[in-house]
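Chemist: Mind having a look at this structure? Questions to follow.
Derivation of every value follows stated rules applied to the coordinates shown; laboratory data play no part. Model, not experiment: these values are computed from the prediction. For neighbour counting, all protein chains shown are included, and Cβ atoms are generated from backbone atoms with ideal geometry for every residue, glycine included.
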Ligand code: AMP
Ligand code: ZN
């Protein structure tokens with residue numbers, strides 16, 4: 001049996017994916033900060049995580065995935081204060097847009113989408129343990145900080161040394177005198193009426209709000225347990241966010257927080273990370289307005305290995321569009337194959353394709369050879385169809401195979417290919433029979449009915465097929 005292997009940021013080697021509780025792979029993925037619309041850089045990471053999720057299932061494992069929504073944060077609070085509305089009112093449209101985009105990108109819903117605002121008691125529980133253990137301290141400003149000196153393996157994920165961190169951090173953070181050590185991070189930010197308006201929560205450490213890092217630790221452990229199988233995010237999360245999650249969580253539980261850490265490289269524009277702050281970003285909505293489809297964006301984001309930077313270009317999107325068209329045509333063509341012909345070797349071709357596809361994915365989600373195996377298959381089967389060497393039964397086998405691999409890719413069976421309604425397929429068969437009987441008026445009538453439903457008939461030496469008209 002082939003095992004799924006992933007490159008761990010922490011150990012820097014390939015690690016086997018398996019459910020450590022013997023039942024279900026538990027995966028935590030850092031979700032969006034809902035202060036604005038997510039851009040397609042963010043979605044590169046979420047599409048990668050979706051590929052991982054689907055691959056885990058393809059390899060026969062169950063998965064329980066959690067993706068948080070960061071709704072308590074400097075930026076969301078600032079936004080709500082500026083607009084004079086509640087935090088819920090401020091974040092609701094961004095949350096809604098996020099879920100709409102996920103759907104358009106063919107990203108499967110995960111098992112839980114916790115919102116930070118609902119987990120503040122769980123965060124406080126963790127902070128109390130950290131205080132009891134002497135790892136957290138109150139700074140001069142009343143905020144609660146984590147002392148990284150108390151966690152000797154701090155830096156093990158990002159492979160940074162404490163000494164480097166101290167210098168690096170103190171250069172960056174010149175105005176934070178409240179902490180004992182410049183690289184210590186905040187667990188609970190004490191309330192500052194000038195900054196926070198009416199937004200604060202009560203806690204044993206006074207009124208205030210949680211820091212971002214403790215939010216993820218609390219939601220991950222509350223929903224998935226103290227020790228999880230996979231923790232994923234974008235590479236910018238490695239330090240300090242994930243390093244800090246490890247420190248807090250492991251200090252609380254004395255258990256390993258996550259067994260495998262995986263990170264997606266950035267989507268870049270002219271070598272620069274796509275980001276809100278640089279203003280070099282596109283939202284999915286921007287691209288839809290330009291006529292691109294969600295699946296096209298999905299394929300463009302998917303087709304570069306997740307550990308390589310992906311340069312965003314419109315040519316890349318166009319290329320993804322052509323590939324999807326080729327695949328869509330192939331499916332429609334397969335659906336139209338008729339007759340009893342048996343080529344005999346189709347099973348073998350499919351087995352070889354599946355073997356290559358599976359082997360590629362097992363190797364740290366190596367998407368390029370996985371997609372290549374699909375296009376090789378398309379070429380081989382198209383030739384058989386051209387030569388009229390396969391019949392309906394084998395065409396169906398190919399379609400079944402495509403459905404199986406599409407459980408991973410999430411690209412092929414869109415409405416366009418899936419939803420050729422049965423009545424239209426029957427109408428096509430009726431029209432073909434009428435033609436065979438030289439009953440031209442009936443054949444024309446059927447064609448007209450099909451046209452009215454937004455489909456055209458394409459005839460070829462191998463039979464006829466239906467295709468959605470461009471305007472429908
Ligand atoms: P944020 O909303 O900024 O917390 O980001 C949400 C997720 O998107 C995180 O996992 C980031 O690592 C990821 N991310 C942000 N920018 C990019 C980018 N340009 N390419 C890939 N992932 C990104
Ligand atoms: Zn996180």
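Chemist: Which value, in Å to one decimal place, does the Kirkwood hydrodynamic radius take for the range 14-91 when every pair of different Cα atoms is included?
Modeler: Taking every pair of different Cα atoms in the range 14-91, averaging 1/r and inverting gives 14.6 Å.
Chemist: Compute the angle between helix 120-132 and the longest alpha-carbon principal axis of the chain, please, reported from 0 to 90 degrees and rounded to the nearest 10.
Modeler: 40
Chemist: Just the number, please: Stokes-Einstein D of the range 252-343 in µm²/s, Kirkwood Rh from C-alpha pairs, 25 °C, 0.890 mPa s.
Modeler: Rounded to a whole number, D works out at 149 µm²/s.
Chemist: A further question follows. For the chain, build the convex hull from the C-alpha positions and give me its volume per residue in Å³.
Modeler: Residue-normalised Cα hull volume stands at 158 Å³.
Chemist: Follow-up. Note the angle between two axes, namely the Cα long axis of helix 392-409 and the longest principal axis of the Cα atoms of the chain, as a number of degrees from 0 to 90, rounded to the nearest 10.
Modeler: Orientation of helix 392-409: about 10 degrees from the principal axis.
Chemist: Show me the ranking of peptides 90-99, 259-268 by mean Cβ neighbours inside 10 Å, starting with the highest.
Modeler: 259-268, 90-99
Chemist: Can you list, largest first and rounded to whole Å, the semi-axes you get for the range 1-43 by taking the square root of 5 times each eigenvalue of its Cα gyration tensor?
Modeler: 29, 15, 10
Chemist: I would also like to ask the following. Roughly how tilted is helix 367-386, in degrees to the nearest 10 and between 0 and 90, from the longest Cα axis of the chain?
Modeler: So the helix axis and the longest Cα principal axis differ by about 10 degrees.
Chemist: At 0.36 nm per residue, minus the direct Cα-Cα distance, what do residue 13 and residue 387 gain on full extension? Give it in nm, one decimal, please.
Modeler: Stretched fully, the residue 13-residue 387 segment lengthens by 130.0 nm.
Chemist: Can you show me the helix-derived [θ] at 222 nm for the chain, built from DSSP H runs with n ≥ 4 at -39,500 (n - 2.57) apiece and divided by the number of residues, rounded to the nearest 500.
Modeler: -15000 deg cm²/dmol
Chemist: Let me ask you something else. Sort 57-64, 291-298, 366-373 by the packing proxy (mean of other Cβ within 10 Å over each peptide's residues), most packed first.
Modeler: Packing proxy ranking, top to bottom: 291-298, 366-373, 57-64.
Chemist: Which value does Rg/Rh take for the range 292-409 over its C-alpha atoms, Rh per Kirkwood?
Modeler: That ratio is 1.00, to two decimals.
Chemist: A follow-up question, please. Could you list log10 I(q)/I(0) for the range 422-468 at q = 0.13, 0.14, 0.19, 0.32 Å⁻¹, which the Debye formula gives when each Cα is one point scatterer?
Modeler: Result of the Debye calculation: -0.23, -0.27, -0.51, -1.30.
Chemist: Counting pairs of alpha carbon atoms under 8 Å apart in space and at least six apart in sequence, what relative contact order in percent does the chain give?
Modeler: Dividing the mean separation by the residue count of the chain yields 17 percent.
Chemist: Sorted by average packing, counted as other Cβ atoms within 10 angstrom per residue and highest first, what order do 136-143, 81-88 take?
Modeler: In descending order of packing, they fall as 136-143, 81-88.
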